[in-house]
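Working notes for the structure below.
Only the coordinates and a few stated rules stand behind these numbers; no lab work does. All of these numbers come straight from a predicted model, not from anything done at the bench. Here Cβ is always computed from backbone atoms with ideal geometry, including for glycine, and neighbour counts include all displayed protein chains.
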Amino acid sequence: MGRGINWGDIEKSLRGWVEIMKEETEAEGNLGDMEEKIRGIMREIGREVLEYTVQEREKIEIDQIRCERCGGEIKRNGKVRRKIKTMLGEIEIERPRVRCKSCGWDFFPSGQGARDREGEGDKP
Ligand SMILES: [Zn+2]
C-alpha cells in the first residue's frame, strides 16, 4: 500500500452531499437563504475532503522508516488524535507515533503538512 489517496471514498461522501444539497435547494427560501445554505454545505464538503486527505498522508509503512536521530529500527507507539484549525474549519486526524528500538526517540514520522501548520516540533 502506498500513500495514494483513496478518491473512491471521497466520491462516495460527495454523493451524499449532493443529496443534501438537492433537499436544501428544494426547501422554501429566497436567494439569500439558498446562498447561505449552499455556502455552508460547500465549506463542509471542503473541510471533509481536507480532513480525509490530511489523514491519508498520516499513513505510514513501518518497515520503511528509520529513527530520525540514530537511524535505528522503530516500532509503532500508538496514535495521537489532533485537531487542526484550517481555513475550512477544524479538522481532526489521528497521527501515528513511533519509537526507536535503539535510542527510544519518540516521533511522528508523517504529517509534514500538519506539523508545518502548527510550527511544532516532533515531540507531542
Ligand atoms: Zn534512535
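Here are the numbers for this structure:
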quantity: Pairwise label distance in nanometres, W17 with T53, each label 7 Å out on the Cα-Cβ vector; calculated: 1.1
quantity: Order by protection proxy (mean Cβ within 10 Å, highest first), peptides 91-102, 34-45; calculated: 91-102, 34-45
quantity: Derived scalar couplings ³J(HN,Hα) [segment 81-89; Karplus, 6.51 cos²θ - 1.76 cosθ + 1.60; whole Hz; x for Gly, Pro]; calculated: 7, 9, 9, 10, 7, 10, 4, 9, x
quantity: Sorted peptide list for 52-58, 79-85, criterion being average Cβ within 10 angstrom, highest first; calculated: 52-58, 79-85
